[in-house]
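Visitor: A single structure is presented below for examination.
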Amino acid sequence: MSTLTASWHWLTDPAHWSGDDGIRSRLLQHLVLTVVCLAASCVIALPLALVLGHLGKGGALAVNISNAGRAVPTFAVLVLLLLTPVGRWGEGPTVVALVLFAVPPLLTNAYVGMREVDRGIVQAARGMGMTGRQMLLHVELPLALPLVMTGVRIAAVQLVATATIAALAGGGGLGRIITAGFNLASTPQVVAGAVLVAVFALIVEAVFAIAERLAPRWARGPG
Amino acid sequence: MTAPPHDCLARNDWICGAYLSTRRHILLDAVVQHLRLTALSVLIGLVVAVPLAVLARRWRWAAGPVLAVTTVLYTIPSLAMFSLLLPLYGLSATLVVAGLVLYSLTLLVRNILAGLRAVPEETRQAARGLGYGPVRLLLTVELPLALPAAMAGLRIATVSAVSLVTVGAIVGFGGLGNLIYAGMNTYFKAQVLTASVLCVLIAVAADVLLLGVQWLITPWTRAGRARAPTGRGRPRTRLLGAGAGRG
C-alpha cells in the first residue's frame, strides 16, 4: 500500500505538474497526438470503408487488413520508422505508426456497419429513385452510424493507450512519465504515470458513451 | 570518402545475412522467450476465462460485472499495465505474463460467452430430454458448440499477445522486443528488421496453427457449412472476430 500512497504524493505534488516535463505539458502532448492521429485515420479509413461498403466490394480486404494489423507490433513499426528517414522529423514516426494502428478497426467497423444495413431499406431507397450518392449519404450512412462510431470509439481508446509506447522510442506524451520513472527506478512515478494514462483512456471511453447518450435517437445503437 | 565496406554489418544494412549467421543463438533465445511468454499467458488466460464465461452464462447477474471488469482491464495501455503490476511482481517475466493474461481475458471471456449464448435452446432441451444432467450438458453439448466462437477469440488473443510481448522489453522480458529495443538504441537496422519480421511470422504461424486445430476439433462445422447459421449470438461473434477486438 505504501507504493500507492507514494504515487498519490507524487501525483499531488505541484512541482510535478508544471514545466516542460510536467504532467500538464505531457497531458497536452498526449491529447494533441491522439486527436491528430484519430483525425488522420478517420480521413483515410472512413471514406474508403463507406464507399466499399456501399458497393459491397472489398469486404475480405477490409477484414483481413484488420486482422493483419493486429499481428504487427506497433512498437516494432515505431522503431522501424524511427530508423528510416521519417525518423528525422520529430513526431513523424509516432504519428505514422499510430495512424497505421488506428485504421484497421475504423475500416472494419465502418464496412461491417454499411453491410448490415437492411437490404430491404436500401432497395426501397433505390425504388424511390435515389442516386447511389444519395443512398450512401442519406440512407446507409445514418443507419450504419452506430457501428461506425463504435469503430471511432475503439480507435480513440486504442490510440490513447498506444500513444504511450511512443515514449519507448523517445516521443512525447504521458508515456514519458512512465519511462522516466523506470530510468529513475522510481516505482511511485511509474505507477502515477500508469494511472494517468488509464484514467485518460477511461475518460475518452466515457466521453464517447455520453456523446452516444446525447445523440439523436436514430444515431444510437440498438438497446 | 572511403569505399563502402563489404561487410553488411559494418554498412548497417536493413537485410544482412551475416547478422543472421553470427547472431543465430541470440535470435533463437529471443524467439524461445517470445513463444514461452505468449503461450503461458494465453494458456493461463484460457484456464481463467472458461469458468468465468460459464458462470456468466449460468447466472445472468454475473455477466454484467464480469464483462465490465474485463473491458476496463482492456482499456489500460500495455506499458501502463506492466508498470501498474510492477509493485506486485517486480522486474520479472511473471510481470509480463500477468499483464498479457489480463488482456487475453477480455477477448476470451467475450467470445466464449457469445458462443455459449448462441447454443440454440432446442438443442439444450433435446439434450435434457435425453436425460443429460447440467454438467454433462455443459461438457458434451454446450462447450463443443461454443468452440468456433471460442476459437475465434483464442486466435485474436494469441495474435495480440505475440505483438504485445514486445512491449515487455521495458522490463527486459520482451522476447524479440528486447532485440528491437536494443537495436533502436544502437541504430542496428538489421536487428530491428529481423526481430520485427520474426514477430509477424510467429503471429501468422500461431494463427494458422490455431485455425488447423479448430478445423480438427470441430468436424461438424464442415459437414453443415451449406446451411446458414442461426442463433442470435452469431453476428456478434463475427463482429468481435472482425473488428471490435482491441489488439
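The values are calculated or read from the model by the stated rules, or taken from the named source; none is laboratory data. This is a predicted model, so every value here is computed, not measured. No Cβ is skipped: glycine too gets one built from the backbone with ideal geometry, and neighbour counts run over all protein chains shown. Surface areas here come from the heavy atoms of the whole protein model, side chains and all, with no ligands, DNA or RNA. Shrake-Rupley method; radii C 1.70, N 1.55, O 1.52, S 1.80 Å.
Visitor: Can you go through A:LEU81, A:LEU61 and tell me which one is in contact (Cβ under 8 Å) with a residue 12 or more places away in the chain and assigned to a helix (DSSP H, G or I)?
Guide: It is A:LEU81.
Visitor: Going by what's in this entry, would A:PHE101 be described as within 14 Å of chain B (Cβ to nearest Cβ), surrounded by 13 or more Cβ atoms within 10 Å (Cβ to Cβ) and under 13 Å from the mean Cα position of the chain (by Cα)?
Guide: Yes: the conditions hold for A:PHE101.
Visitor: Looking at segment A:144-169 only, could you name the residues that are more than 8 Å from chain B (Cβ to nearest Cβ) and free of Cβ contacts under 8 Å to residues at least 60 places away in the same chain?
Guide: Listed by number, the list holds a single entry, A:ARG153.
Visitor: Checking B:THR166 against (1) closer than 19 Å to B:LEU79 by Cα; (2) at pLDDT below 90; (3) at the interface with chain A (Cβ under 10 Å from one of its Cβ atoms), only one condition comes out false. Which one?
Guide: For B:THR166, the exception is condition (2).
Visitor: Let me ask something else about it. Residues to consider are A:ALA156, A:ALA215, A:ALA166; find the one that is under 18 Å from B:PHE82 (Cβ atoms) and under 23 Å from the mean Cα position of the chain (by Cα).
Guide: Matching residue, one of A:ALA156, A:ALA215, A:ALA166: A:ALA166.
Visitor: On to the next question. Return a yes/no flag: does segment B:49-66 have any residue that is within 13 Å of chain A (Cβ to nearest Cβ) and open to solvent by 30 Å² or more (accessible area, probe 1.4 Å).
Guide: No.
Visitor: Shifting gears a bit: Scan segment B:1-57 for residues that are under 30 Å from B:VAL135 (Cβ atoms) and among the polar types (S, T, N, Q) and jot them down.
Guide: B:SER41, the sole residue that qualifies.
Visitor: Next up: Scanning segment A:82-98 for residues that are within 10 Å of chain B (Cβ to nearest Cβ) and open to solvent by 30 Å² or more (accessible area, probe 1.4 Å), which turns out farthest from the chain's Cα centre (by Cα)?
Guide: Going through the qualifying residues, I end up with A:THR84.
Visitor: Please go through segment A:170-182 and give me each residue that is modelled with pLDDT of 85 or more and open to solvent by 10 Å² or more (accessible area, probe 1.4 Å), ordered by number.
Guide: A:ARG176, A:THR179, A:ALA180
Visitor: Something else about it: Evaluate the following for B:LEU193: is it open to solvent by less than 10 Å² (accessible area, probe 1.4 Å), at the interface with chain A (Cβ under 10 Å from one of its Cβ atoms) and not small (Gly, Ala, Ser)?
Guide: no
Visitor: Output the number of the condition that A:GLY56 fails; it satisfies all remaining conditions of (1) modelled with pLDDT under 90; (2) out of contact with any Leu (no Cβ under 8 Å at 6 or more places or on another chain); (3) within 12 Å of chain B (Cβ to nearest Cβ).
Guide: Result: A:GLY56 fails condition (3) only.
Visitor: Taking interchain pairs and intrachain pairs at least six residues apart, which have beta carbon atoms under 6 angstrom, with the first residue in segment B:26-50 and β-branched (Val, Ile, Thr) and the second open to solvent by 50 Å² or more (accessible area, probe 1.4 Å)?
Guide: Partner pairs satisfying both residue conditions: none exist.
Visitor: What number goes with the only condition from (1) more than 14 Å from chain A (Cβ to nearest Cβ); (2) within 30 Å of B:SER196 (Cα to Cα); (3) not small (Gly, Ala, Ser) that B:ARG136 does not pass?
Guide: Failed condition: (2).
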